[in-house]
Amino acid sequence: MTAHPEPQPVPGALSHRQIVTILVGLMMGMFLAALDQTIVASAMRVIADDLKGLSSQAWVTTAYLITSTVVTPLYGKLSDIYGRKPFFIAAISIFTVGSMLCTLATSIGTLALYRAVQGLGAGGLFSLALAIIGDIVPPRERAKYQGYFLAVFGTSSVLGPVIGGFFAGQDSILGVTGWRWVFLVNVPIAAAALVVVTRTLHLHHTRLDHRIDYWGALALTVALVPLLIVAEQGREWGWLSGISVLCYAVGAAGFVAGWFIERAMGDEALIPLRLFTNRTVATSSITSVFVGMGMFGGLAALPLYLQIVKGASATEAGLQLLPMTLGIMFGSILSGLLISKRGTYRQYPIIGAALLVAAMFAFHYVGADTPLWTSMIIMVFFGVGLGFNFQPLTLAVQNAVSPKDIGVATSSATFTRQIGGTIGTAVFLSILFSKAAENIPARYQEAFATPAFQAAVRSPSGDPTANAQFLSQLKAAQTGSGAGFSSALSDSSFVKLIDPALSHPYLVGFAEAMSAVFLTASAVLVFALIASWFLPHVELRSNAAFAKSRAEHAASGGDAAPPIAH
C-alpha cells in the first residue's frame, strides 16, 4: 500500500532531545512495574509452596489485577484534568508501599491483600506512561522511540527471572526469608524512579475544570469484584450455588448501575460512553478483552508448567520464557517500523490474533514428556502475536480520539486488556486446578497396574521422608476421589524429592490439566481474531496531541505555552 503524504508538523512540537528527556522518567516507572511482574511470576511457585497455597495462588494475581483494573480509568480521567506528573508520582509511591507490605505476608490471603495495594499503584504506571507518550510523540513517529521501551521490557525480562529465582532460592538474606526480597527489591528501584521522574518529567498542563466520576468508579468496582471472586471460587462453591448466584446478581446490578451513571455523567464520566460510539475504539476494546484473557491465561500457566512439570527452578523457568520475550520484542519492533513506514495498522492485530490462536492451540499438545525445545518454538510465535497486538491496538485508540481525550482513551484501552487479563487469570487457573484434582488421581489409578510403579512403591529412591508422606497420600487417593491430593495441590515441592516413578503420574495429570487451559484459551482467542477483522483503518496523524493542543490553544487567542515548563 502506498503511504499517504505526511502533513506538516504543528509549530511548537517537542524536539527529539526534549522527548528523550521525558522518556527517561517514563521508562523508570515502567521498568518498576515490568520488573515486578517478571520477578513475581518466576518466584510465584516457591512463594505459594511456602505459604501452603499453590492452588489458591490465583488470588495473588487476581487481587493485583482487580485493583489495577478498577483504578486505571480513574488515573486517566484525573490526569486529563490535573496533569499527568502528580498522578504518575502517586502511582509509584503507592506501588512502593504495597511492595513493602508484601514482604510482611504470612499467608496467601494476606499476600493477595497486599498485592491489591500494589495494584492501586500499578494501574497508573503503564496507562499514564502510555498516555504521556500519546501526548508528546506523533503516532507515525512512535516507532523511532520504541527501542527505548523495548529495552526496558527486554532488560526486565532478563533480569526479573534471574533476580526472582535467586531470591526465591535463598532460605534467608539478612534474616529475611529469600522470596520476600522479591518485593523488597522494588523499594530502591522506586526511590530512584521518583528522583528521575521529579527531575525530568516537566510538561505544561492547562487545568480542565471537570467533575470526578467517583460514583462510576464505585459502580465499576461493584460490577467487577463479585464476578471475579466467583470466577476464582466457583469450582469450590459450585457455579450455580446460592453464593455464586448472589455474586452474579451483584455484578450484574453493578454493570447496570454503572451504565446509567456513565450515561448521566456524559463527558464527565470515568469512561465516557461516547468513546465507544467510535468504531475504532469499540473494536479495539473488544479485541483487547479477548487478547488479555488469552495472554494472561498463557502467562499464568506457562511458568507453572516449566517448574512443576519440567522440573525447572524459578530462575531456569524465567530464562526458559525468554523465547516468548524475544518474540514480543520482534513483533513490536517489526509492526512499529512497518506502521511508521506505511501509516497503516489494521493488518497487524489480525495477523497477531491468528498467531495467538495457532500458538495456544499448539500448546495444548504439549505434555509431560514433550521436549523443551518444542515449547520454546511455540513461545516465539505466541510472543510475536502479542507484539503485533500491543502497540497497534493502543495506537489505533490514541489516533482515533481528540487530543483532550488521550488520557481517558489510553486508560480505557489498558483497562479493557486488564479486564480480560483479570477474568482470564481467575478462570484459567480455576480450570487448571479443577482439572488437576480430577486428572492426577486418575493417572495414579492407571499407574497402579504397572510393574514399574509397583516396584517404586515397594522400594522408592529419593528422600525417604518425602516418599513416606506421599505414599500415605497415595493410599487416601486410591478411591479416585482426589481427596488425598489436597495438600499436593497446595504444595508441589515434594515432586523433586520423591522417586521419579512415583511423581510421573502427577506430572502427567498436571500437564493434562494445562492442556485443557490452553485449549480453552485458544477458543477464547478465536473471538479476538474475529473482532480484529472489524477494526477500521484511520489514517495516522503525523503530529503529536501535545503540539496540536498547543496550536489550538494559541489559535483560540491564548498564549502559546512553552513545550516544557521549568
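So is ILE339 at pLDDT 90 or above and crowded, with 18+ Cβ neighbours inside 10 Å or not?
On the way: at pLDDT 90 or above: no; crowded, with 18+ Cβ neighbours inside 10 Å: yes.
In short, no.
Does THR394 satisfy the criteria of being hydroxyl-bearing (Ser, Thr, Tyr) and buried (at least 20 other Cβ atoms within 10 Å of the Cβ)?
yes
Take MET295 and decide whether it is assigned by TED's automatic domain parsing to the domain that holds ILE47 and touching a helix residue (DSSP H, G or I) at 6+ places or on another chain (Cβ under 7 Å).
So MET295 fits the description; yes.
Among (1) touching a residue at least 60 places away in the same chain (Cβ under 8 Å); (2) of a type in the set (A, V, I, L, M, F, W, C); (3) surrounded by 24 or more Cβ atoms within 10 Å (Cβ to Cβ), which single condition is ILE419 missing?
Result: ILE419 fails condition (3) only.
Scan the helices (runs of 4 or more DSSP H) fully inside the range 106-224 and keep the ones with 3 or more residues being at pLDDT below 80 and more than 23 Å from THR96 (Cβ to Cβ).
Correct list: 108-136, 143-168.
Does LEU429 qualify as being closer than 20 Å to LEU275 by Cβ and either assigned to a loop (DSSP other than H, G, I, E, B) or touching a helix residue (DSSP H, G or I) at 6+ places or on another chain (Cβ under 6 Å) (or both)?
When the stated conditions are applied, LEU429 does not pass them.
Any residue at all in the range 382-402 that is closer than 30 Å to ALA312 by Cα, part of a helix (DSSP H, G or I) and either free of Cβ contacts under 8 Å to residues at least 24 places away in the same chain or among the aliphatic types (A, V, I, L, M) (or both)?
Yes, the conditions are met somewhere in the range 382-402.
Name the residue that is farthest from GLY421 (Cα to Cα), counting only residues in the range 72-102 that are aliphatic (A, V, I, L, M) and modelled with pLDDT under 85.
Here the answer is ILE81.
Here are some conditions: (1) part of a loop (DSSP other than H, G, I, E, B); (2) among the β-branched types (Val, Ile, Thr); (3) without any contact (Cβ under 8 Å) to a residue 24 or more places away in the chain. VAL366 meets all but one. Which one does it not meet?
Here VAL366 clears every test but (3).
Residues to consider are ILE333, ILE328, ILE261; find the one that is of a type in the set (A, V, I, L, M, F, W, C), under 21 Å from ILE377 (Cβ atoms) and either surrounded by fewer than 19 Cβ atoms within 10 Å (Cβ to Cβ) or not assigned by TED's automatic domain parsing to the domain that holds TYR75 (or both).
Values: ILE328 fails: either surrounded by fewer than 19 Cβ atoms within 10 Å (Cβ to Cβ) or not assigned by TED's automatic domain parsing to the domain that holds TYR75 (or both); ILE261 fails: under 21 Å from ILE377 (Cβ atoms).
Answer to the selection: ILE333.
I need the full set of residues from the range 221-253 which are closer than 26 Å to GLU268 by Cβ and in contact with a Leu (Cβ under 7 Å, 6 or more places away or on another chain), in order please.
GLY251 - this is the single residue of the range 221-253 that is closer than 26 Å to GLU268 by Cβ and in contact with a Leu (Cβ under 7 Å, 6 or more places away or on another chain).
Anything in the range 266-281 that is buried (at least 19 other Cβ atoms within 10 Å of the Cβ) and part of a helix (DSSP H, G or I)? List them, or say none.
Passing the criteria: LEU275, THR280, VAL281.
The values are calculated or read from the model by the stated rules, or taken from the named source; none is laboratory data. Bear in mind that the values here come from a model prediction, so they are computed numbers and not experimental data. Every residue, glycine among them, receives a Cβ derived from its backbone with ideal geometry; neighbour counts consider all protein chains shown.
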